[in-house]
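K.L.:
Take this structure first; my questions come after.
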Amino acid sequence: MDVNRVVAQIERDFEPSHVGRLLDHIRQPSVSALDWGNQEMSGMLAEEIREAGGQAEVVETSEFPVVFGLIDEGAPRTLLCHGLYDVTPAEEPNWLNPPFEPQIHDLPGLGPCVVGRGAEDMKTGIACVMNTVYAARAAGQKLPLNLMFVHEASELGSGGIKEFFPRYKQKMKKANAAYWLCPMAQTDGTPIVPLGLKGNLMGRFFCRPGGWGGPIGNEIHALNSNWIGNPADRLVEAVAHLEKRLEEIYERGEGWVPSPVQERLCRQLSERMDPERLMRSLGVERFRQGDFHAAVRAHLFRAEFTLIGLQAGFIGEGKSVKVSIPSEAQAVVNMRFLPGEDPGERIANVRRILAEGGFGDIEFVVNNHYAGGSTPPDHPLIACFLQAHREMGADPEVWPVHPAGMPVALWTEELGVPWVGGLPCNAMRKHAANEYAQVAGLLQSEKFLAHFFEGFSRLTY
């Protein structure tokens with residue numbers, strides 16, 4: 001494939017058609033939590049693959065559909081493109097425009113940006129790869145590789161792809177590598193290249209009355225709080241105990257331990273990152289750690305436990321008050337663990353820590369989970385990926401582990417192929433108001449894909 005001709009075609013077609021594709025994707029709601037639009041979105045993506053000369057099907061699962069497609073150019077190598085087509089609800093206040101009516105805004109310090117739900121997570125990557133395919137077609141260039149597509153709905157835990165995987169594993173064995181279509185770049189455009197992603201778990205803690213105390217059956221008046229236990233208090237104490245113990249495990253190096261190469265990459269990363277710029281982009285005033293390298297190291301190498309939400313008793317509006325001890329408390333929690341760690345072992349570890357702390361009565365209900373995975377830094381796929389960035393004049397940041405959670409083990413362990421992820425587009429604010437993707441990054445990403453596709457086609461591992 002003549003990369004220069006494809007890049008020139010991308011530049012000619014970028015506005016309005018390439019940007020327009022992303023806008024069209026965002027305009028189609030696909031909110032798994034509300035069961036809204038996933039059928040329409042998956043159908044749209046399948047049709048685009050067919051229009052580009054490929055075959056595609058919408059594979060129904062008991063959760064949400066998976067789009068499976070193949071553009072077969074008769075090439076010796078096949079790249080599996082893994083995309084996420086669903087989004088979270090967009091009920092936050094202060095959007096610059098309705099979240100499913102995307103617009104381009106000139107954001108301070110960022111320039112023109114597409115603003116809408118899914119701009120970061122993750123419709124940008126899906127649109128970019130299709131735009132690159134269409135540009136190659138328009139330039140009269142045959143793709144130097146075959147492209148396989150597996151687009152799923154992930155926001156409720158990737159249940160669909162886990163059901164899809166064994167049914168289509170034989171067909172996916174044609175792939176030589178898996179590629180995660182996520183925009184990943186700093187605000188100055190510096191690409192982020194993750195070598196691995198963490199595993200993920202969503203669940204709930206429940207504290208109910210019992211042998212430890214608490215009001216059984218009904219709430220009771222708060223005047224009893226000095227002699228009757230409070231489930232809300234106990235749940236907070238249990239979470240605090242768990243977080244303290246997980247911190248001790250990390251500090252003492254008792255759990256997953258990074259390799260010397262991973263430690264070196266982490267040090268290089270913290271030395272080149274700008275903490276002030278990073279805090280501005282995140283909208284925070286400080287990191288939890290006083291030392292920036294310690295903050296980066298924890299971000300990469302510590303298993304996360306996040307208290308997402310708490311619910312117990314009465315929370316009213318204004319001056320209304322109900323003075324009672326609640327009869328139950330619950331918490332929504334998210335855990336992320338390191339590549340190679342077994343989710344079942346992590347779940348058992350949480351229950352063991354709670355029991356050892358005297359909180360064995362806390363019920364831990366796991367809604368869904370999956371294992372992360374990684375590719376060795378010296379693998380030819382990684383060298384090829386980094387070279388494509390350098391051909392674009394970029395000096396990418398190499399992250400030994402990225403805290404994003406994805407079922408990478410499906411590709412690296414079950415399918416047995418190397419994995420890589422990321423597109424050189426700054427996109428942020430997922431799950432929040434004014435989620436965006438930089439327009440300049442969209443263009444850069446499509447050009448990058450042309451270089452990566454050509455380089456990947458020459459690999460011989």
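The values are calculated or read from the model by the stated rules, or taken from the named source; none is laboratory data. Please read these numbers as outputs of a predicted model, since none were measured by experiment. Positions of Cβ are backbone-derived with ideal geometry, glycine not excepted, and every protein chain shown enters the neighbour counts.
K.L.:
Scan (1) in contact with a strand residue (DSSP E or B) (Cβ under 8 Å, 6 or more places away or on another chain); (2) at pLDDT below 95 for the single condition Val420 breaks and write down its number.
P.N.:
In the conditions (1) in contact with a strand residue (DSSP E or B) (Cβ under 8 Å, 6 or more places away or on another chain); (2) at pLDDT below 95, Val420 misses (2) alone.
K.L.:
Would you please name the residue that is farthest from Asp121 (Cα to Cα), looking only at residues in the range 436-446 that are touching a helix residue (DSSP H, G or I) at 6+ places or on another chain (Cβ under 9 Å) and crowded, with 24+ Cβ neighbours inside 10 Å?
P.N.:
Glu446
K.L.:
Here's something else I'd like to know. Out of Ile249, Ile315, which single residue is of a type outside the set (Phe, Trp, Tyr), within 30 Å of Asp233 (Cα to Cα) and surrounded by 13 or more Cβ atoms within 10 Å (Cβ to Cβ)?
P.N.:
Ile249
K.L.:
Look at Ile362 and say whether it is assigned by TED's automatic domain parsing to the domain that holds Leu449 and surrounded by 14 or more Cβ atoms within 10 Å (Cβ to Cβ).
P.N.:
The answer is no for Ile362.
K.L.:
Scan the range 291-320 and report the pairs whose first residue is in the same structural domain as Met335 (by TED's automatic domain parsing) and farther than 18 Å from Arg252 by Cα and whose second residue is in a helix (DSSP H, G or I) and among the acidic types (Asp, Glu), with Cβ atoms within less than 9 Å and a gap of 6+ or a chain change.
P.N.:
Leu307/Glu243
K.L.:
Between Val236, Val257, which is β-branched (Val, Ile, Thr) and free of Cβ contacts under 8 Å to residues at least 40 places away in the same chain?
P.N.:
Val257
K.L.:
Output the residues belonging to the range 250-272 that are among the hydrophobic types (A, V, I, L, M, F, W, C) and modelled with pLDDT of 95 or more.
P.N.:
The answer is Val261, Leu265, Cys266, Leu269.
K.L.:
Further question: Select from the range 205-240 the residues that are more than 17 Å from Glu363 (Cβ to Cβ) and β-branched (Val, Ile, Thr) and list them in ascending order.
P.N.:
If the condition is that a residue be more than 17 Å from Glu363 (Cβ to Cβ) and β-branched (Val, Ile, Thr), then Ile220, Ile228 are the ones that fit.
K.L.:
Now for a separate question. Would you be able to tell me the number of residues in the range 390-407 that are crowded, with 22+ Cβ neighbours inside 10 Å and over 22 Å from Pro260 (Cβ atoms)?
P.N.:
3
K.L.:
Find the residue count for the range 411-431, including only residues that are buried (at least 24 other Cβ atoms within 10 Å of the Cβ) and part of a helix (DSSP H, G or I).
P.N.:
1
K.L.:
Scan the range 73-87 and report the pairs whose first residue is of a type in the set (S, T, N, Q) and whose second residue is assigned to a strand (DSSP E or B) and surrounded by 21 or more Cβ atoms within 10 Å (Cβ to Cβ), with Cβ atoms within less than 7 Å and a gap of 6+ or a chain change.
P.N.:
Thr78/Asn146; Thr78/Met148
K.L.:
Separate question: Only residues that are in contact (Cβ under 8 Å) with a residue 24 or more places away in the chain and either over 15 Å from Ile126 (Cα atoms) or surrounded by fewer than 15 Cβ atoms within 10 Å (Cβ to Cβ) (or both): list them for the range 39-53, please.
P.N.:
Gln39, Gly53
K.L.:
Yes or no: Arg277 surrounded by 13 or more Cβ atoms within 10 Å (Cβ to Cβ) and at pLDDT 95 or above?
P.N.:
Against the criterion (surrounded by 13 or more Cβ atoms within 10 Å (Cβ to Cβ) and at pLDDT 95 or above), Arg277 does not qualify.
K.L.:
Let me ask another. Looking only at the range 200-227, which residues are loosely packed, with under 13 Cβ neighbours inside 10 Å and small (Gly, Ala, Ser)?
P.N.:
Selection gives Gly210, Gly211, Gly217.
K.L.:
Mind checking whether some residue in the range 193-202 is of a type in the set (S, T, N, Q), outside any helix (DSSP H, G or I) and either more than 22 Å from the chain's Cα centre (by Cα) or closer than 30 Å to Gln268 by Cβ (or both)?
P.N.:
yes
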